[in-house]
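Written below as C-alpha cells is the structure these notes are about.
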Amino acid sequence: MKTFGILTFLVLAVGMAVLPLGIGDYGHGVLVGMMSYIVLASAWALFSGPTRYVSLATVAFFGIGAYTVAVLADHLPFGAILVVAGSIGLCVALLVGLATLRLAGIYFVIFSFGLAELVRQLITWFETSVNHTLGRYIFIEVSTAQIYWMLLGLGIITLGLRWWIGNSRLGLAVNAIGDDETVARHAGVNVTGVKLALFAVSSVLITLAGAIQAPRWTYVEPSIVFNPTISFMTLVMALLGGPGRLWGPVAGAVPLYFLFEWIATRFPDQNAIILGLVFVAIVFLVPGGLLSLIDKWRARARAAGEQAHA
Amino acid sequence: MDFKRRGLLAVTAACALALTSVAGMAMAQDRTSVRIGYAVSKTGVNAAGANTTTIPNYELWAKDVEAADGLTLPDGSKLPLEIIAYDDRSATEDLVRSVERLARQDEVDFILAPWGTGFNLAVAPLFARFGYPQLAGTSVVPNIDGLSDRWPNSFWLLGSSEAYAHALVDVLQPAVNSGELNGKVAMISIADGFGIELSAGARDAFEEAGFDLVMDKTYPLGTQDFATLLQEAEASGADIFVAYSYPGDTFAITAQSKLSSYNPKVFHPGVGTNFPIYAPMNDGNVEGVMSLGGIDANSQAIQDYRARHVALLEKEPDSWASPVIYASLQMLQQAIGRKGLDREAVSEELASGTFDTILGSISLEENQLKDMWYIGQWQDGLFVGISPTDKPGAADATIPKPDWN
C-alpha cells in the first residue's frame with residue numbers, strides 16, 4: 001500500500017512536470033496560479049490542519065517573500081534571493097510564533113489577521129520615511145514555465161513534509177494538541193515547541209511561494225502584495241478539501257481555483273456575488289471537507305453491503 | 001438532499017465547467033469583427049477608481065464606435081467591435097493571467113490598459129512581449145530610466161510627477177512674486193505610491209522656486225480624521241496648502257477645512273477634487289479650489305463628450321483622467337484607421353502620428369503625453385484647466401481663493 005502510494009505520487013509529480021510542454025503562455029499562467037494555491041493551501045494546512053489554529057497570516061509571509069525579491073532583485077541572483085527570503089520568513093515566523101502561539105483559538109485568528117496589516121504598515125512606513133519611495137521594480141528574467149516548475153518543486157516538498165509529519169512522532173504530538181492542548185501538555189508533549197516548529201515550516205513555504213511568483217508582477221508595492229484576499233482564498237480552499245488530510249488542500253484548491261478563474265472570465269460583473277454564494281455553499285454542503293464525503297460514501301456502501309449480507 | 005444527488009450535482013457542475021472552458025477557446029475565424037479585450041478591477045479595492053474613470057470610458061467609446069457602424073480600416077471598410085472584458089479582482093496575479101489569456105487564448109487584436117499606476121506597470125512587460133500597444137491613461141509616468149527603450153509600445157498619458165509640480169509652481173509664482181502669497185507651503189501626502197511620487201516631485205520644485213516648505217507630512221492609507229493635520233497646517237502660517245490625497249481623504253480634508261473655517265489663499269487637495277461629485281458634495285461652495293487635471297470648458301469637443309457621457313452613463317466624467325482615456329481610445333481608433341490591424345504599425349503610428357481628439361490635436365513625445373492640463377481650478381461650477389499657463393484655453397487662476405461660503 002505504501003509503495004503504491006509513493007509510486008502514484010511519483011507518477012503524478014512527473015505528469016505535472018511535463019504539463020507545461022505544448023501549451024501556450026496563458027496555460028502556463030493558469031498552471032502557476034493553480035500550483036501557487038496548491039502550495040499555499042497545503043502549507044497552511046501543515047500548521048492549521050492538525051493544530052486547528054486558524055491562521056489568516058498567509059499573506060503576511062507571502063508578501064514578505066515578494067517584497068524581499070523586490071528589494072534584492074538588482075543585487076543578488078534569483079536563487080540566493082530565495083534563500084534570503086526563506087530565512088527572513090523563518091525569522092519572522094519564529095519571532096511571531098514565540099510571542100503568540102500561547103494565545104488560544106480565536107485570539108490567534110485575530111492576531112494573525114493583524115500581523116499581515118502590521119507587516120504591511122511597517123514596510124510602508126520604512127519605505128516612505130527612510131527611502132522616500134514606495135513601489136519597487138522587479139526586472140528578473142524568469143519564464144512562466146520556470147516559475148511553475150519551481151512552484152511544483154515547492155509543492156512536492158510541502159506534500160512530502162506533510163506526509164512525513166503525519167507518519168512521525170511529531171504528527172502524533174500535533175494531533176494531540178489539536179484534540180486537547182491541556183491533555184497533550186500533561187502527556188508530556190512540548191506543546192509550544194511543536195506548534196512553533198510547524199508554524200515556522202509552514203511560514204517558510206508560504207514565503208517561498210510569494211518570492212517565486214514575484215518576478216511575474218514587475219512592480220511591487222505593499223498594497224499589491226499584502227492583499228488579504230490571498231489569506232481568505234487559501235483558507236477556504238483548505239477548508240473545502242479538508243485541512244486534516246494529506247490531499248485535502250489539493251482537492252480543495254484545484255476545483256476552487258478553476259471555478260474562480262471561470263467566474264472571472266465568464267461573469268466578470270457578478271464575480272463578487274457568485275464568490276459569496278460559493279463560500280456559503282461550501283459551509284452548508286461540505287462542512288467536513290470534500291474528502292470526508294468519500295469516507296461517508298464508503299461507509300454507506302459498506303453499510304449497504306452488510307445489509308445485503310444479512 | 002442525500003449524498004447521491006449531491007454527487008450528481010457536483011459532477012454536473014464539473015462537466016458544465018469543463019464544457020464552457022472548451023467552448024471559450026477561441027477558434028480561428030474569418031474576420032467579421034475587431035476583437036478588443038481588457039481586464040480591469042471590476043471588484044476589489046481598486047474598483048472605485050476603475051468604475052469611475054476607466055470602465056465608463058471604455059463603454060462610451062464602444063457605443064460611439066457602434067454608432068459609427070464600426071471601426072474604419074485603411075481600405076475604407078468597416079468592422080464592428082467585439083469586446084471581451086475580464087475582472088482582475090484587484091489582484092496583480094489575476095491581471096497578469098487575464099492579459100495572457102486575452103493575448104494568447106482569445107487572440108484579441110488590441111488590449112486596452114488596466115486601471116492604476118501599479119497595474120499598468122505590472123502588465124507593461126506582457127504588452128511588450130506579446131507586441132500590443134499599451135495606452136496607459138490612468139498611470140503617471142513611471143520613474144524608470146530608458147522607459148521607452150524598455151517597453152517601446154507603451155504610452156504614458158497622465159503626465160509625470162515633476163510636470164505636475166512645475167505646473168503648480170508656474171501658477172503660484174506670480175502671486176508669490178507680487179507678495180499676494182507669502183511663499184510658505186504646507187504639504188501633506190498619502191503614504192502610497194501616488195502620494196510619495198507627487199510629493200517628491202513637489203518638494204524639489206518648491207525648493208527650486210524658492211518657496212518655503214514649512215510643513216511636510218505623510219499620513220497612512222485609511223486615515224479618517226484630518227483635524228490635527230489641518231490645525232497644524234493653519235498654525236504654520238502657510239498661504240499655500242497642498243495635499244496629495246486619494247478621493248476619500250480629499251472629501252474628508254475639504255469637509256474638515258470648511259468645518260473649521262480653514263481657508264488658505266491656495267487650497268489644493270488631491271484626486272477627487274476633479275470628480276464631478278465634488279461640487280454638489282460641498283453644496284457648490286468649491287470656488288477657487290485647485291487640484292490635478294482640468295478641462296478646457298470652452299471646447300466644443302469636451303462639451304459634446306460630457307453630454308454623451310451623461311446621456312449614456314447618467315453621470316458626468318471626472319475632469320482629469322476620463323477625457324484622457326477617451327482621447328487615448330480615439331488615438332487608437334485613428335491609428336487603426338491609418339495602419340489597419342497590424343499592431344506593430346499601429347504602435348509606430350501612436351508614437352509618431354498626430355491625432356484629432358476631444359483634447360484637441362495630440363501627438364506624443366517620447367511615448368508620453370506632455371501637452372495636457374496639469375493643474376485645474378473650480379470656477380463657476382466647472383473644474384477648468386489653469387496650468388500650463390501658456391496652453392491655449394487656459395483660464396486665469398483665482399488667487400486668493402474666495403471664502404468657503
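The values are calculated or read from the model by the stated rules, or taken from the named source; none is laboratory data. Computed from a prediction, not measured in an experiment: that's the story for all the values here. Note: ideal-geometry Cβ built from the backbone for every residue, glycine included; neighbour counts use all protein chains shown.
Which one is nearest to the other protein chains (Cβ to nearest Cβ), of the residues in segment B:48-91 that are among the charged types (D, E, K, R) and within 21 Å of the chain's Cα centre (by Cα)?
Only one residue fits best here, namely B:ASP87.
Sort through A:ARG185, A:ARG169, A:ARG120 and tell me the only one that's under 22 Å from the mean Cα position of the chain (by Cα) and among the charged types (D, E, K, R).
A:ARG120
Working only within segment B:307-328, note down all residues that are assigned to a helix (DSSP H, G or I) and either in the same structural domain as B:MET187 (by TED's automatic domain parsing) or not hydroxyl-bearing (Ser, Thr, Tyr) (or both).
Result: B:ALA307, B:ARG308, B:HIS309, B:VAL310, B:ALA311, B:LEU312, B:LEU313, B:ALA321, B:PRO323, B:VAL324, B:ILE325, B:ALA327.
Conditions first: (1) within 14 Å of chain B (Cβ to nearest Cβ); (2) in contact (Cβ under 8 Å) with a residue 60 or more places away in the chain. A:SER202 passes all but one, so which condition is the exception?
It fails just one condition, (1).
Please report, ordered by residue number, the helices (runs of 4 or more DSSP H) entirely within segment B:180-264 with at least 2 residues that are under 25 Å from B:THR52 (Cβ atoms), polar (S, T, N, Q) and touching a residue at least 24 places away in the same chain (Cβ under 8 Å).
In segment B:180-264, B:247-259 are the helices (runs of 4 or more DSSP H) which contain 2 or more residues that are under 25 Å from B:THR52 (Cβ atoms), polar (S, T, N, Q) and touching a residue at least 24 places away in the same chain (Cβ under 8 Å).
Give me a count of the residues in segment A:78-121 that are exposed (fewer than 15 other Cβ atoms within 10 Å of the Cβ), of a type in the set (A, V, I, L, M, F, W, C) and within 20 Å of A:GLY49 (Cα to Cα).
Going through segment A:78-121 one residue at a time, the tally reaches 5.
Okay, residues lined up against (1) more than 23 Å from B:SER160 (Cα to Cα); (2) not aliphatic (A, V, I, L, M):
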site: B:GLN333; (1), (2): yes, yes
site: B:ARG338; (1), (2): yes, yes
site: B:SER352; (1), (2): no, yes
site: B:LEU359; (1), (2): no, no
site: B:SER363; (1), (2): no, yes
site: B:LEU369; (1), (2): no, no
site: B:MET372; (1), (2): no, no
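Pick out the one residue from B:VAL141, B:VAL176 that is without any contact (Cβ under 8 Å) to a residue 60 or more places away in the chain, more than 23 Å from A:THR144 (Cβ to Cβ) and touching a helix residue (DSSP H, G or I) at 6+ places or on another chain (Cβ under 9 Å).
Of B:VAL141, B:VAL176, the one residue that is without any contact (Cβ under 8 Å) to a residue 60 or more places away in the chain, more than 23 Å from A:THR144 (Cβ to Cβ) and touching a helix residue (DSSP H, G or I) at 6+ places or on another chain (Cβ under 9 Å) is B:VAL176.
Just to confirm my filter: which helices (runs of 4 or more DSSP H) fall fully inside segment A:196-297 and include at least 2 residues that are of a type in the set (Gly, Ala, Ser)?
Of the helices (runs of 4 or more DSSP H) lying wholly inside segment A:196-297, those with at least 2 residues that are of a type in the set (Gly, Ala, Ser) span A:229-241, A:248-266, A:271-285.
If I filter segment A:21-63 down to residues being outside any helix (DSSP H, G or I) and crowded, with 21+ Cβ neighbours inside 10 Å, which single residue comes out as farthest from the other protein chains (Cβ to nearest Cβ)? First the steps, then the outcome.
Looking only at segment A:21-63, we keep the residues that are outside any helix (DSSP H, G or I), and these are A:21-24, A:52-57.
Narrowing further to those that are crowded, with 21+ Cβ neighbours inside 10 Å: A:53, A:55-57.
Working: A:TYR53: 26, A:SER55: 20, A:LEU56: 17, A:ALA57: 18 Å.
For segment A:21-63, the residue satisfying everything is A:TYR53.
Report yes if A:GLU221 is in contact with a Gly (Cβ under 6 Å, 6 or more places away or on another chain) and charged (D, E, K, R), otherwise no.
Details: in contact with a Gly (Cβ under 6 Å, 6 or more places away or on another chain): yes; charged (D, E, K, R): yes.
Spelling it out, A:GLU221 is indeed in contact with a Gly (Cβ under 6 Å, 6 or more places away or on another chain) and charged (D, E, K, R).
Restricting the search to segment B:42-57, which residues are more than 19 Å from A:ILE263 (Cβ to Cβ) and touching a Gly at 6+ places or on another chain (Cβ under 7 Å)?
B:GLY49 - this is the single residue of segment B:42-57 that is more than 19 Å from A:ILE263 (Cβ to Cβ) and touching a Gly at 6+ places or on another chain (Cβ under 7 Å).
Check every one of the strands (runs of 3 or more DSSP E) wholly within segment B:329-384 and list those with 3 or more residues that are farther than 23 Å from B:VAL65 by Cα and in contact with a strand residue (DSSP E or B) (Cβ under 7 Å, 6 or more places away or on another chain).
B:375-379
State yes or no: is B:SER189 of a type in the set (Ser, Thr, Tyr), under 21 Å from the mean Cα position of the chain (by Cα) and at the interface with chain A (Cβ under 10 Å from one of its Cβ atoms)? Spell out the reasoning first.
Numbers: of a type in the set (Ser, Thr, Tyr): yes; under 21 Å from the mean Cα position of the chain (by Cα): yes; at the interface with chain A (Cβ under 10 Å from one of its Cβ atoms): yes.
In short, yes.
Out of A:LEU285, A:LEU235, report the one residue that is buried (at least 18 other Cβ atoms within 10 Å of the Cβ) and of a type in the set (A, V, I, L, M).
So the residue among A:LEU285, A:LEU235 that is buried (at least 18 other Cβ atoms within 10 Å of the Cβ) and of a type in the set (A, V, I, L, M) is A:LEU235.
Exactly one of (1) touching a residue at least 60 places away in the same chain (Cβ under 8 Å); (2) assigned by TED's automatic domain parsing to the domain that holds B:ILE55 is unmet by B:VAL123. Its number?
(1)
Out of (1) more than 12 Å from chain A (Cβ to nearest Cβ); (2) touching a Gly at 6+ places or on another chain (Cβ under 7 Å); (3) polar (S, T, N, Q), the odd one out for B:SER139 is which?
(1) is the only condition that B:SER139 fails.
Table: residues versus (1) of a type outside the set (D, E, K, R); (2) in the same structural domain as B:ASN46 (by TED's automatic domain parsing); (3) over 22 Å from the mean Cα position of the chain (by Cα).
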residue: B:LYS217; (1), (2), (3): no, no, yes
residue: B:ALA235; (1), (2), (3): yes, no, yes
residue: B:ILE240; (1), (2), (3): yes, no, yes
residue: B:PHE251; (1), (2), (3): yes, no, no
residue: B:ALA255; (1), (2), (3): yes, no, yes
residue: B:LYS265; (1), (2), (3): no, no, yes
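Looking at segment A:145-165, which of its residues are surrounded by fewer than 22 Cβ atoms within 10 Å (Cβ to Cβ) and not aliphatic (A, V, I, L, M)?
Once the filter is applied, which keeps residues that are surrounded by fewer than 22 Cβ atoms within 10 Å (Cβ to Cβ) and not aliphatic (A, V, I, L, M), segment A:145-165 yields A:GLN146, A:TRP149, A:GLY153, A:GLY160, A:TRP163, A:TRP164.
If you go through segment B:128-145, how many residues are surrounded by fewer than 23 Cβ atoms within 10 Å (Cβ to Cβ) and either over 29 Å from B:SER245 (Cα atoms) or not assigned by TED's automatic domain parsing to the domain that holds B:ILE336 (or both)?
The total comes to 4.
Yes/no per residue for (1) under 17 Å from B:ALA167 (Cβ atoms); (2) surrounded by 16 or more Cβ atoms within 10 Å (Cβ to Cβ); (3) not aliphatic (A, V, I, L, M):
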| residue | (1), (2), (3) |
| --- | --- |
| B:ALA351 | no, yes, no |
| B:THR357 | no, yes, yes |
| B:ASN367 | no, yes, yes |
| B:MET372 | yes, yes, no |
| B:GLN377 | yes, yes, yes |
| B:VAL384 | yes, yes, no |
| B:PRO388 | yes, yes, yes |
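Report yes if some residue within segment B:290-306 is more than 17 Å from B:LEU369 (Cβ to Cβ), assigned to a helix (DSSP H, G or I) and among the basic types (Lys, Arg); otherwise report no.
yes
Every residue in segment A:175-188 that is under 18 Å from A:LEU103 (Cβ atoms) and either surrounded by 12 or more Cβ atoms within 10 Å (Cβ to Cβ) or touching a strand residue (DSSP E or B) at 6+ places or on another chain (Cβ under 9 Å) (or both), please.
Across segment A:175-188, the qualifying residues are A:ILE177, A:GLY178, A:GLU181, A:ALA184, A:ARG185.
Within the group A:PRO215, A:PRO228, which residue is surrounded by fewer than 23 Cβ atoms within 10 Å (Cβ to Cβ), within 12 Å of chain B (Cβ to nearest Cβ) and touching a Phe, Trp or Tyr at 6+ places or on another chain (Cβ under 8 Å)? Full working, then the answer.
Numbers: A:PRO215 fails: surrounded by fewer than 23 Cβ atoms within 10 Å (Cβ to Cβ).
Exactly one of A:PRO215, A:PRO228 is surrounded by fewer than 23 Cβ atoms within 10 Å (Cβ to Cβ), within 12 Å of chain B (Cβ to nearest Cβ) and touching a Phe, Trp or Tyr at 6+ places or on another chain (Cβ under 8 Å), namely A:PRO228.
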